[in-house]
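Read-outs: derived from the displayed coordinates by stated rules, not from any lab. These numbers come from a predicted model, not from an experiment. Note that we place each Cβ from the backbone using ideal geometry, even for glycine, and neighbour counts take in every protein chain shown.
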Amino acid sequence: MTAVVAALARAVAQLPDPSFRGVLWRGLGLAAAIYVGLMVIVHFALQVLQPEFTFVPISVSVGQYEPLVELGEALAKVVSKRMHEVLIVASSNMNHYEADTLTRWKDEKLLESILALDARGLFEGIRKYDVNMCGFASVVVLLTAARWLGAHSAELVRYATTGDITDSKHTVIGYAGVIVR
């Protein structure tokens with residue numbers, strides 16, 4: 001974990017915009033800002049296999065809307081200053097550990113907001129529909145940054161639940177692939 005924290009700290013310190021660094025760390029705390037999981041490990045592996053590939057992992061764990069918007073706008077400002085293309089990826093499951101029918105209904109409600117590029121709608125939908133989507137904050141940040149950068153559409157590539165694979169519909173996890181342009 002120490003190596004991951006050090007690598008992230010170095011990457012963030014190299015960002016050209018100091019206001020972005022402040023938004024990233026303010027109020028999150030180091031433990032909440034760093035989540036070491038498979039998704040981060042995959043990115044590190046990509047960087048080892050493809051040395052020209054660089055990335056800055058950001059783990060977001062904030063329960064208030066305004067800091068997420070602030071981070072999304074700061075991210076967009078940093079990205080807009082880059083001379084090369086930048087891909088912003090948000091990773092989260094959708095609703096989880098409820099019946100397949102209920103999970104699909106809840107996920108459909110959230111996907112309406114995501115496909116409309118509506119960060120506030122997503123944020124409010126999490127509470128309104130009592131959705132257990134652990135990475136919703138990163139999606140709010142992505143939607144905010146994407147809108148700021150001029151995104152105009154989102155496309156659902158695929159939606160499924162674990163019930164589609166296991167045939168167990170009692171408790172499932174929803175997954176969606178969405179491309180924002």
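Restriction of the GluC sites (Glu not before Pro) in the stretch 41-144 to DSSP coil positions whose beta-carbon has at most 16 other beta-carbons within 10 angstrom yields GLU52, GLU85. Counted by neighbouring Cβ atoms within 10 Å, the residues TRP105, TRP148 run from fewest to most as TRP105, TRP148.
What lysines could a cross-link reach from LYS109, if we take a straight Cα to Cα line under 18 Å and drop same-chain neighbours fewer than 8 places away? Correct list for LYS109: LYS128.
For CYS134 and GLU52, the FRET efficiency from 1/(1 + (r/R0)^6), where r spans their Cβ atoms and R0 equals 45 Å, is about 0.90. Set the Förster distance to 22 Å, then compute FRET efficiency between HIS170 and GLU108 from the Cβ-Cβ distance, nearest 0.05. In this case the efficiency is close to 0.70.
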